[in-house]
There are 2 protein chains.
Amino acid sequence: MGLIVQKFGGTSVGSTEKIRNAAERVIAEREAGNDVVVVVSAMGKSTDVLVDLAKELTDDPSKREMDMLLTTGEQVTISLLAMALQAKGYDAISFTGWQAGMKTEKVHGNARIVDIDEARIKEELSAGKVVVVAGFQGIADDLHITTLGRGGSDTTAVALAAALKADKCDIYTDVPGVFTTDPRYVPSARKLAGISYDEMLELANLGAGVLHPRAVEFAKNYQIPLEVRSSIENESGTLIEEESSMEQNLVVRGIAFEDQMTRVTVCGLSSGLTTLSTIFTTLAKQNINVDIIIQSVTSTNQTSISFSVKTDDLSKTVEVLEEYKGALGYEQIETESKLAKVSIVGSGMVSNPGVAAEMFAVLAQKDIQVKMVSTSEIKVSTVVDREDMVKAVEALHDAFELSKVSAAAHS
Amino acid sequence: MGLIVQKFGGTSVGSTEKIRNAAERVIAEREAGNDVVVVVSAMGKSTDVLVDLAKELTDDPSKREMDMLLTTGEQVTISLLAMALQAKGYDAISFTGWQAGMKTEKVHGNARIVDIDEARIKEELSAGKVVVVAGFQGIADDLHITTLGRGGSDTTAVALAAALKADKCDIYTDVPGVFTTDPRYVPSARKLAGISYDEMLELANLGAGVLHPRAVEFAKNYQIPLEVRSSIENESGTLIEEESSMEQNLVVRGIAFEDQMTRVTVCGLSSGLTTLSTIFTTLAKQNINVDIIIQSVTSTNQTSISFSVKTDDLSKTVEVLEEYKGALGYEQIETESKLAKVSIVGSGMVSNPGVAAEMFAVLAQKDIQVKMVSTSEIKVSTVVDREDMVKAVEALHDAFELSKVSAAAHS
């Protein structure tokens, strides 16, 4: 007897047949004697349909009204899933975000949860019902429906699991779990049985894309065990918890990669104390996400700063830098596109100082030039030519023996 | 400077182009110096799409979950209309039923409004905003979204107009107003400039279908002037108010008709005091709507009861009567289908006792047999063979000179 929070993403509820399938997953937990709270996203591409309607009316819809519009998507799914459960003879009740007590700050499109009034859900659970909650949405005050932004349904699920002190939060998705790297590029990629929150965070941030980083952080803060698993295949997925017990000795747990990177170098900056903050504050205000940052001071007391941005953001980045040329006082901007980021992630790295060196050695052996490097305690990221990306991932996957299940500590 | 409530039905907001057109109607009132509250229905056939999804999952969806599902339809429309207004430079805010303070009894699918907390809307109006409210929906308590049933958006509009003490409630629809009879059947049918609440009620109940009777009743109780008008053509429609000032002398204002009627006769009933109530209570419990009722007592102290039901309800009616044969104690049931109801409506009838007689004379002259009769102060209904229906309507429309604008008092 426990309490399980299940989350089904858009593809896992993309049709009434899939909703019926999701209902079967809920029923299996009920039959195993557990209480179940289910969090669902909007059906498949229904959000896109709504966005298109808004675009037909205006190029710049108000964020409040977009939230009003988009939250109908999950509301459709919750009612349908509740009906599917009822049709199978299981008592169920659906709640929108505001009915579920999901209180957020008053920000539209990307609100943070500030409080959950879990009393309502608990009451229905006590009455023996499955509670189906709309993901992605909340309420700022009675007048304003909000959304949690990208990956919002994951966050809803984990936040509810924390508020309800659930035993586990299962994230059902269209992949069977978290892999050592993207199996579409590296056929020998292997599904991980377990992974730590921090490793998952690095993988999520690096574009592994299965779980939203906000949700992982939430789970880590409240120590909620997460399982990423297939909504189609009936097999166990990847368990995410504080310390992965299963493969503890693995130094490198996975390899993440991301193409569409561009390097921007601002040369000949005056080395004033505020130069760095001025540049990155200016870019942040324009919603340009800067990734790796490298600063170098030359002998002439001048500074160069290199950073990576997504290629899509390049023209805007250059525009902003040129607009503020006076304030920043630099000589010139250099850019290099067609780059990619390849990162190795693993919590075992902390105690294995040689891992970064081994990564560089593997890349050098394959004649892959490393253009930028960034490290954290559990991650080493390198920027390479985009055309070398897959070769680099394959070589690293191989070198760190990620396709082997019970690989011993490496290096 | 006044306050106008506008209501746009599903066909009037069936596409983003039509929503833009509705926005123009709102803007025209704003430019005329009025505050505007707009009530909208779900876009065109979007409700049908949602109903179909539910049907794919279950034959018998819970009414609570159907309400949860269907209310997303209006929520989509309110956000889109608000965006359309904002895109034109007008400040607007959308409210769902619960945000608009639309409190109902806890009944799903057909709830009645019990209270409106109009403070929220007033606040936004004071701030200079157009307030766009989702029709058809309300809230029973924080956990239960309800719907008002058929014609619910009309009711929302009129109820809001009453709560806000609006000067007028404009019902925009896909017809230009209320006609003397259905112009699809009678080409000489004429749009009425004005009509009283009671006349409209009889016409609405008799299937004229432009405005829901609940909304008309609400408007009558709170003396809200209603105007039914075209959302496409820019012309005045039909004004509904206490006493129609424009065509006061017209005895017969309009002719309503309805096919798909069936007469059921229960013969040989024991004439106990409770027989009548037992029959109709039993039928009401099965949601069978009985229309005209005629009771006759024969010399042998036995009673026969005839009543009309919609043809769709016939098999269920017979089933219910047979199930309760023991309790009701009748001899046999006779039924006659392929009937139609034709009614003349006009508040001038009260003081013109000869109107019913004239109606029967007109029908007799056309060899139309009258099978049942029912009268009220402002209405005479007859049941005739379905194949005589259009002939009867045409003859009556002609005899009561309804195609003439300034017809003098008749008979």
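Just for segment A:85-98: of the residues that are open to solvent by less than 10 Å² (accessible area, probe 1.4 Å) and closer than 19 Å to B:Gln75 by Cβ, which one is nearest to the other protein chains (Cβ to nearest Cβ)?
So the first thing to find is which residues in segment A:85-98 are open to solvent by less than 10 Å² (accessible area, probe 1.4 Å), and the list is A:85, A:92-97.
Still in the list and also closer than 19 Å to B:Gln75 by Cβ: A:94-97.
Details: A:Ser94: 5, A:Phe95: 7, A:Thr96: 8, A:Gly97: 12 Å.
In this case the residue turns out to be A:Ser94.
Starting from segment B:32-43, take each residue that is in the same structural domain as B:Glu74 (by TED's automatic domain parsing) and list its partners that are among the basic types (Lys, Arg) and surrounded by 24 or more Cβ atoms within 10 Å (Cβ to Cβ), counting only C-beta distances under 9 angstrom and pairs at least six apart or across chains.
Pairs found: B:Val38/B:Lys7; B:Val39/B:Lys7; B:Val40/B:Lys7; B:Ser41/B:Lys7.
So for segment A:63-71 (the condition being within 24 Å of A:Leu164 (Cα to Cα) and open to solvent by less than 10 Å² (accessible area, probe 1.4 Å)), does at least one residue qualify? Before the answer, list the steps.
Going through segment A:63-71, the residues within 24 Å of A:Leu164 (Cα to Cα) turn out to be A:71.
From what is left, the residues that are open to solvent by less than 10 Å² (accessible area, probe 1.4 Å) are A:71.
There is at least one residue in segment A:63-71 that is within 24 Å of A:Leu164 (Cα to Cα) and open to solvent by less than 10 Å² (accessible area, probe 1.4 Å).
Residue by residue through segment B:99-112, note down the ones that are within 22 Å of the chain's Cα centre (by Cα) and within 14 Å of chain A (Cβ to nearest Cβ). Show your work before the answer.
Of the residues in segment B:99-112, the ones within 22 Å of the chain's Cα centre (by Cα) are B:102-105, B:107-112.
Listed by number, the residues that qualify are B:Met102, B:Lys103, B:His108, B:Gly109.
For segment B:322-390, list the strands (runs of 3 or more DSSP E) that sit wholly inside it and hold at least 1 residues that are among the hydrophobic types (A, V, I, L, M, F, W, C), in contact with a Phe, Trp or Tyr (Cβ under 6 Å, 6 or more places away or on another chain) and surrounded by 19 or more Cβ atoms within 10 Å (Cβ to Cβ); which are they? Give the derivation first.
Values: elements: B:332-345, B:372-376, B:379-385.
In segment B:322-390, B:332-345 are the strands (runs of 3 or more DSSP E) which contain 1 or more residues that are among the hydrophobic types (A, V, I, L, M, F, W, C), in contact with a Phe, Trp or Tyr (Cβ under 6 Å, 6 or more places away or on another chain) and surrounded by 19 or more Cβ atoms within 10 Å (Cβ to Cβ).
Assigned to a helix (DSSP H, G or I), open to solvent by 40 Å² or more (accessible area, probe 1.4 Å), touching a residue at least 60 places away in the same chain (Cβ under 8 Å) and charged (D, E, K, R): does that describe A:Arg25? Even if it seems obvious, please write down each step before you answer.
On the way: assigned to a helix (DSSP H, G or I): yes; open to solvent by 40 Å² or more (accessible area, probe 1.4 Å): no; touching a residue at least 60 places away in the same chain (Cβ under 8 Å): yes; charged (D, E, K, R): yes.
No.
For segment B:62-84, check the following and say yes or no: at least one residue is within 7 Å of chain A (Cβ to nearest Cβ), among the β-branched types (Val, Ile, Thr) and not in a helix (DSSP H, G or I).
First pass over segment B:62-84, keeping only residues within 7 Å of chain A (Cβ to nearest Cβ): B:62, B:65, B:68-69, B:72, B:75-76, B:78-80, B:82-84.
Adding the requirement that they be among the β-branched types (Val, Ile, Thr) leaves B:72, B:76, B:78.
Of the ones still in play, those that are also not in a helix (DSSP H, G or I) are none.
Looking for residues that are within 7 Å of chain A (Cβ to nearest Cβ), among the β-branched types (Val, Ile, Thr) and not in a helix (DSSP H, G or I), one finds none in segment B:62-84, hence no.
Take the residues in segment B:35-58 that are more than 8 Å from chain A (Cβ to nearest Cβ) and part of a loop (DSSP other than H, G, I, E, B), then tell me which one is most open to solvent (accessible area, probe 1.4 Å). Even if it seems obvious, please write down each step before you answer.
Start the filter on segment B:35-58 by keeping residues that are more than 8 Å from chain A (Cβ to nearest Cβ), which leaves B:35-49, B:51-52, B:55.
Now narrow it down to the ones that are part of a loop (DSSP other than H, G, I, E, B): B:41-45.
Details: B:Ser41: 17, B:Ala42: 6, B:Met43: 26, B:Gly44: 36, B:Lys45: 149 Å².
Within segment B:35-58, the match that is most open to solvent (accessible area, probe 1.4 Å) is B:Lys45.
I'm trying to understand the selection: among the residues of segment B:391-411, which are in a loop (DSSP other than H, G, I, E, B), at pLDDT 85 or above and over 25 Å from the mean Cα position of the chain (by Cα)? Don't jump to the end; show me each part of the working.
Filtering segment B:391-411 down to residues in a loop (DSSP other than H, G, I, E, B) leaves B:400-411.
Among the residues that remain, those that are also at pLDDT 85 or above are: B:400-403.
Result: B:Glu401, single match.
The values are calculated or read from the model by the stated rules, or taken from the named source; none is laboratory data. The structure displayed is predicted, hence computed values, not measured ones. Cβ sites come from the backbone with ideal geometry, for glycine too, and all protein chains shown count toward neighbours. Ligands, DNA and RNA are stripped out before the accessible areas are found, and what is left, the full protein with its side chains, is counted by its heavy atoms. Shrake-Rupley method; radii C 1.70, N 1.55, O 1.52, S 1.80 Å.
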